[in-house]
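Colleague: I have a structure here, written as structure tokens, and I will follow up with some questions on it.
The values are calculated or read from the model by the stated rules, or taken from the named source; none is laboratory data. All values derive from a computational prediction rather than experimental measurement. Because the Cβ atoms are built from the backbone with ideal geometry, glycine has one as well, and the counts that use them run over all protein chains shown. Side chains are part of the model used for accessible areas, which takes the heavy atoms of the whole protein and leaves out ligands, DNA and RNA. Shrake-Rupley method; radii C 1.70, N 1.55, O 1.52, S 1.80 Å.
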Amino acid sequence: MNADNHKTSPAGEPRRVDPFLNAGGWFIRGVMIIPVVATFLTALALLVYGAIETWHFVDALFISDHHPSRDEALLLAIEIVDLFLLATVVQVVSLGIYQLYFNQDLRLPAWLKINNLDDLKSKLVGVTITVLAVYFLGQAVVWTASGSPDILYLGGAVALVIVALTYFLSKIDDH
């Protein structure tokens, strides 16, 4: 960093450094490492748990004496996908917080670039909608049509949340 409080971006252009970050922002950045590490560890734990559940699934299908029914196998597979999707959500949050507070210049795919808090909220809401849809799919697969309207209530609730989140996304995109 040179004397006039500039540093160079990867493209070589001068970039103004916020004096707040030079004065006392180090404390805020230091505190924000806690959610970065915590969400990273949570994502890692979910990935390991998903891998263990995948092994149990493969074992139940092909190795053990008790094989799940078709519906049970579908539900287990959907639950495994749901675990990995949730791990993805948590990892996106971890990377997003890291980008916002520490390093905007990470080499990441374009869909994972976070430039501001609204970008992070958009990513989180988008993946949350997917997780909700997968959860509902899992419930619909095992639902029995025994006259119980529970699946209708669940579907309606999920649909309302998805509509609300989509509306929220549209308002973020407008700004």
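Colleague: Name the pairs whose Cβ atoms lie under 9 Å apart, with the first residue in the stretch 93-122 and at negative phi, the second of a type in the set (Asp, Glu) and in a helix (DSSP H, G or I), and 6 or more positions between them or separate chains?
Modeller: That search, which allows pairs on different chains as well, returns 96/119; 99/119; 100/119; 113/119; 118/173; 122/173.
Colleague: If residue 29 passes every condition in (1) over 28 Å from residue 162 (Cα atoms); (2) without any contact (Cβ under 8 Å) to a residue 24 or more places away in the chain; (3) of a type in the set (D, E, K, R) but one, which one does it miss?
Modeller: Among (1) over 28 Å from residue 162 (Cα atoms); (2) without any contact (Cβ under 8 Å) to a residue 24 or more places away in the chain; (3) of a type in the set (D, E, K, R), residue 29 violates only (2).
Colleague: Select from the stretch 140-172 the residues that are open to solvent by 60 Å² or more (accessible area, probe 1.4 Å), part of a helix (DSSP H, G or I) and within 19 Å of residue 78 (Cβ to Cβ) and list them in ascending order.
Modeller: 150, 161
Colleague: Okay, moving on. State whether the residues of the stretch 108-123 include one that is closer than 30 Å to residue 30 by Cβ, open to solvent by less than 70 Å² (accessible area, probe 1.4 Å) and acidic (Asp, Glu).
Modeller: Within the stretch 108-123, one or more residues are closer than 30 Å to residue 30 by Cβ, open to solvent by less than 70 Å² (accessible area, probe 1.4 Å) and acidic (Asp, Glu).
Colleague: Next question, about the same structure. In contact (Cβ under 8 Å) with a residue 12 or more places away in the chain and under 25 Å from residue 163 (Cβ atoms): which single residue out of 74, 47, 85 fits that description?
Modeller: 85
Colleague: Further question: When the stretch 24-53 is examined, which residues are found to be open to solvent by 50 Å² or more (accessible area, probe 1.4 Å) and of a type in the set (Val, Ile, Thr)?
Modeller: Across the stretch 24-53, the qualifying residues are 28, 31, 33, 34, 37, 42, 48, 52.
Colleague: Quick check, is residue 85 under 30 Å from residue 30 (Cβ atoms), modelled with pLDDT under 90 and open to solvent by less than 50 Å² (accessible area, probe 1.4 Å)?
Modeller: no
Colleague: Could you say whether any residue in the stretch 59-71 is open to solvent by 40 Å² or more (accessible area, probe 1.4 Å), assigned to a helix (DSSP H, G or I) and in contact with a helix residue (DSSP H, G or I) (Cβ under 7 Å, 6 or more places away or on another chain)?
Modeller: Yes, the stretch 59-71 has at least one match.
Colleague: Which condition from (1) surrounded by 17 or more Cβ atoms within 10 Å (Cβ to Cβ); (2) of a type in the set (A, V, I, L, M); (3) within 30 Å of residue 55 (Cα to Cα); (4) modelled with pLDDT of 85 or more is the one that residue 127 breaks?
Modeller: (4) is the only condition that residue 127 fails.
Okay, residues lined up against (1) under 18 Å from the mean Cα position of the chain (by Cα); (2) of a type outside the set (Lys, Arg); (3) more than 25 Å from residue 39 (Cα to Cα):
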{"position": "87", "(1), (2), (3)": "yes, yes, no"}
{"position": "99", "(1), (2), (3)": "yes, yes, no"}
{"position": "105", "(1), (2), (3)": "no, yes, no"}
{"position": "131", "(1), (2), (3)": "yes, yes, no"}
{"position": "139", "(1), (2), (3)": "no, yes, yes"}
{"position": "154", "(1), (2), (3)": "no, yes, yes"}
